[in-house]
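Structure, as C-alpha cells:
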Amino acid sequence: MPLADTVLRSVPRPTALAGSTPAAVGGWGGGQTASVSLLRPRDLEQLSAIVAEHSRSRSGSPLSAGAIARGMGRSYGDAAQLAGGAVFDITGLKSLELDAADGVVTAQAGITIGELLAALAPQGWVVPVVPGTQHVTLGGAIASDIHGKNHGIAGTFGSHVQALGLLTAAGELQELVPGGSEGLFEATVGGMGLTGVIVWARVKLRPVQSELLSVDTDRVRQLDDAFAALRAPGGPHRVAWLDLLGSGLARGIVTRAEHLPSAGLTGARGSTTVASRLTVPASFPGGLVRAGTVRAYNEYRYRSSPRRQLGHVENFGSHMFPLDALDAWPRLYGRRGFLQYQFVVGPGGELTLQRVIERLRRSAVPCYLAILKDFGPANGAPLSFPVEGWTLALDLPRSASGLAALLNEFDELVVQAGGRVYLTKDIRLAPQTLAAMYPRLGEWRACRDKADPQGLWRSDLAVRTGLVSAGCR
C-alpha cells in the first residue's frame, strides 16, 4: 500500500461544505472569538474554484469581506481569523508522497506535523524542525515559519522547504521556490497566510535511526546558570523551563537532547508523537489555576528534577510535545484565557531578558509558564521571527491586573534591544510597534500588495497591526 494511502486512511477528514456556514473561531489562547463564514473545501480543486469564482464576480461572494486560511487553530492570537470575513479550513488537504531515497516529502498543507512524523519515522525520516505541539499543519508551519528547540543548527521550518504551492487571489496556483525573482517565496515563509493559501510544500527531511532521544538535564539556580547550560556541549534540542514564581529571580531546568543512533541499547522502539490522555472539559473552573497552585507545582517540579543527569532516554514525542497529552489545556486558564508573550533579542541581549523578568516579578501579573531558548542565525524571509540570540516565551493570564501596561513596557525594552515579538503568538501589538520590530516590513508589504492588490487575504492580526494597509480591501 502506498504511504500516502496509509496516512489518508488513518486521518479523519472534516465534512465538506458546498458553501459557507456561520461559525465562531478564536485563538488557542482562548478569550474573545470572531464571527466568520467558514468554508471547508473537500479538495484543492474545490478550493481553487471558490477563489477563482470570487475573482470573477466579487459581489455577494462569501469572500467579499476578505479571507484567510486556517489549520488546526494553534495560533495563540488572531492570526487565523477575520471578523465578518471568510475562513478556509484547509485541514482536509492531507495527501503526501515520500521520496525515501532523497529524503524529501511532498505533502498537502492540511496534514499536521504529528501525522507527518507518524508516517515518516518508520521509514527512517523526520521533519527537521518541530514546534512545541504536533497539532500544527504544514501550511501553518510555513506561514508562521515555526522554530524548534534545535534552531541553533537547523534554523526555521521554512529553511527546509524546497518549493511550495500558493493559491493566489486570482484563483491561480503558483509554484514558488527560494530565491525567485519576485521574492514571493520569502514573503510567504513567515508571511502569516497573507500572500495566499499555501496548499502544498516539498520539504527536505532529516534521517534518524530511532524515535528515541538521549537527554542531558541540569537544574539551575539562577538565570545566568540557564544561559551557561544552554551554551554547554550536548544535543541540539535545547530548552530551559524557568520558574518565575519561586524563590530568586529565575531558577529552572535545562535540557539538551539528541536522537539516539539506534534503539538497540534499550530494546524500546520509541515514538515521535504523543497520545492524548485527558481532555480539559469546557466547564473546567478556571479559578483552580492560580499563582498559589502553580507555585506549588513549580516547587515540586524543580525539586524532583535531578541536579545533573546525562543520557536519559526519552521518547521524541513526549519530550517535544509534553502539553499534547492534555487536550484543550488552555481551558485551565478559565473563560478569559491567556496570552503568550514571546520575544527575541540578539546576542548580548541577556540584560534585556533579565530586565523583563525583573519587571514581571515586581508586577501583580503571575507567569504560569516561561520557556527560554537560544536561536541561531536568521533566514532570508522578511517577516520570519527568529534572529540570532535568545527567545523567552511567557504564558500570562488575560485576567491579570495591569497586564496591558506591563506588556507595553516589555515592548519598549524589546525595541530598544533591536528585538521583536512573535506574530503567531501576538494578540495586542500596535502598528507602530510592529514597524519598529520588523525593519523589513516595507519590503514584505510591497511584495504582498503586488501579489494581492485587492487585499483578499486578510486577518484580524493583519488589520490590527497594519500588515495589510488600510486602503487594501
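Looking for whichever is farther than 20 Å from Ala370 by Cα and touching a Cys at 6+ places or on another chain (Cβ under 8 Å) here; the options are Leu244, Leu184, Leu173. Which one fits? Give the steps one after another, and end with the answer.
Values: Leu244 fails: farther than 20 Å from Ala370 by Cα; Leu173 fails: touching a Cys at 6+ places or on another chain (Cβ under 8 Å).
Exactly one of Leu244, Leu184, Leu173 is farther than 20 Å from Ala370 by Cα and touching a Cys at 6+ places or on another chain (Cβ under 8 Å), namely Leu184.
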Listed by first then second residue, the pairs whose first member lies in the stretch 28-52 and is closer than 19 Å to Arg458 by Cα, whose partner is among the acidic types (Asp, Glu) and buried (at least 21 other Cβ atoms within 10 Å of the Cβ), with beta carbons under 9 Å and at least 6 positions apart or on separate chains, are Gln32/Asp78; Ala34/Asp78; Ala34/Asp460; Leu38/Asp89; Leu39/Asp89; Arg40/Asp89; Pro41/Asp89
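crowded, with 22+ Cβ neighbours inside 10 Å and under 22 Å from Asp225 (Cα atoms), is that true of Leu369? Even if it seems obvious, please write down each step before you answer.
Numbers: crowded, with 22+ Cβ neighbours inside 10 Å: no; under 22 Å from Asp225 (Cα atoms): yes.
Considered against the rule, which asks whether it is crowded, with 22+ Cβ neighbours inside 10 Å and under 22 Å from Asp225 (Cα atoms), Leu369 comes out as no.
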Filtering the stretch 417-436 down to residues that are within 12 Å of Val344 (Cα to Cα) and surrounded by fewer than 20 Cβ atoms within 10 Å (Cβ to Cβ) yields Gly418
When the stretch 155-170 is checked residue by residue, the ones that are part of a loop (DSSP other than H, G, I, E, B) and more than 22 Å from His259 (Cβ to Cβ) are Thr168, Ala169, Ala170
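Take the residues in the stretch 141-154 that are assigned to a loop (DSSP other than H, G, I, E, B) and in contact with a helix residue (DSSP H, G or I) (Cβ under 9 Å, 6 or more places away or on another chain); name whichever of them is surrounded by the most Cβ atoms within 10 Å (Cβ to Cβ). Break it down stepwise before answering.
Taking the stretch 141-154 and keeping what is assigned to a loop (DSSP other than H, G, I, E, B), we get 144-150.
Next, from what is left, pick out any that are in contact with a helix residue (DSSP H, G or I) (Cβ under 9 Å, 6 or more places away or on another chain): 144-149.
Values: Ser144: 30, Asp145: 28, Ile146: 26, His147: 26, Gly148: 22, Lys149: 23.
The selected residue is Ser144.
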Residues in the stretch 376-408 that are more than 21 Å from Trp28 (Cα to Cα) and of a type in the set (Ser, Thr, Tyr) total 1
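Kindly indicate which of Ser363, Ser384 is among the polar types (S, T, N, Q), in contact with a helix residue (DSSP H, G or I) (Cβ under 8 Å, 6 or more places away or on another chain) and open to solvent by less than 20 Å² (accessible area, probe 1.4 Å). Quick ask: steps written out before the conclusion?
Values: Ser363 fails: open to solvent by less than 20 Å² (accessible area, probe 1.4 Å).
When all the criteria are applied, what remains is Ser384.
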Filtering strands (runs of 3 or more DSSP E) wholly in the stretch 32-133 for at least 2 residues that are closer than 20 Å to Leu166 by Cβ and open to solvent by 20 Å² or more (accessible area, probe 1.4 Å) gives 67-70, 104-108
Per the list (1) within 17 Å of Leu407 (Cβ to Cβ); (2) at pLDDT below 95; (3) surrounded by fewer than 16 Cβ atoms within 10 Å (Cβ to Cβ), residue check on Ser276 breaks on (1)
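Test Thr293 against the stated conditions and say whether it is without any contact (Cβ under 8 Å) to a residue 24 or more places away in the chain and either polar (S, T, N, Q) or not in a helix (DSSP H, G or I) (or both).
On the way: without any contact (Cβ under 8 Å) to a residue 24 or more places away in the chain: yes; either polar (S, T, N, Q) or not in a helix (DSSP H, G or I) (or both): yes.
Spelling it out, Thr293 is indeed without any contact (Cβ under 8 Å) to a residue 24 or more places away in the chain and either polar (S, T, N, Q) or not in a helix (DSSP H, G or I) (or both).
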When the stretch 247-273 is checked residue by residue, the ones that are at pLDDT 75 or above, assigned to a loop (DSSP other than H, G, I, E, B) and of a type in the set (Gly, Ala, Ser) are Ser247, Gly248, Ala250, Ser262, Ser271
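Which of the residues belonging to the stretch 190-204 are open to solvent by 10 Å² or more (accessible area, probe 1.4 Å), in contact with a strand residue (DSSP E or B) (Cβ under 7 Å, 6 or more places away or on another chain) and not aromatic (Phe, Trp, Tyr)?
Let us first name the residues in the stretch 190-204 that are open to solvent by 10 Å² or more (accessible area, probe 1.4 Å), namely 192-193, 198, 200, 202, 204.
Filter once more, so that each one left must be in contact with a strand residue (DSSP E or B) (Cβ under 7 Å, 6 or more places away or on another chain): 193, 198, 200, 202, 204.
Listed by number, the residues that qualify are Gly193, Ile198, Arg202, Lys204.
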Among residues of the stretch 404-416 being more than 23 Å from the chain's Cα centre (by Cα) and surrounded by 18 or more Cβ atoms within 10 Å (Cβ to Cβ), the residue nearest to Val365 (Cα to Cα) is Leu406
Scanning the stretch 285-329 for residues that are aromatic (Phe, Trp, Tyr) and either in contact with a His (Cβ under 7 Å, 6 or more places away or on another chain) or open to solvent by 60 Å² or more (accessible area, probe 1.4 Å) (or both) gives Tyr297, Tyr300
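I'd like the full set of residues that are in a helix (DSSP H, G or I), among the hydrophobic types (A, V, I, L, M, F, W, C), modelled with pLDDT of 95 or more and under 29 Å from Gly26 (Cα atoms), limited to the stretch 317-362.
Met320, Leu323, Ala325, Val356, Ile357, Leu360
Would you pick out the residues in the stretch 428-452 that are out of contact with any helix residue (DSSP H, G or I) (no Cβ under 8 Å at 6 or more places or on another chain) and touching a residue at least 40 places away in the same chain (Cβ under 8 Å)?
In the first step, residues of the stretch 428-452 are kept if they are out of contact with any helix residue (DSSP H, G or I) (no Cβ under 8 Å at 6 or more places or on another chain); the result is 432, 439-440, 442-443, 445-446, 449-450, 452.
Passing the criteria: Arg440, Glu443, Lys450, Asp452.
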All-but-one check, Thr195 against (1) within 24 Å of Met320 (Cβ to Cβ); (2) at pLDDT 95 or above, failing number (1)
Note: among Phe157, Phe185, just one is crowded, with 23+ Cβ neighbours inside 10 Å and under 14 Å from the mean Cα position of the chain (by Cα), namely Phe157
Out of curiosity, is Leu230 open to solvent by less than 10 Å² (accessible area, probe 1.4 Å) and within 24 Å of the chain's Cα centre (by Cα)?
yes
Problem set entry | Ala257 being in contact (Cβ under 8 Å) with a residue 40 or more places away in the chain and within 25 Å of Ile153 (Cβ to Cβ) | yes
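The values are calculated or read from the model by the stated rules, or taken from the named source; none is laboratory data. Just so we're clear, the structure is a prediction, and the values are computed from it rather than from any experiment. Cβ coordinates were reconstructed from backbone atoms using ideal geometry, including for glycine residues, and neighbour counts include every protein chain displayed. Ligands, DNA and RNA are excluded from the accessible area calculation, which covers all protein heavy atoms including side chains. Shrake-Rupley method; radii C 1.70, N 1.55, O 1.52, S 1.80 Å.
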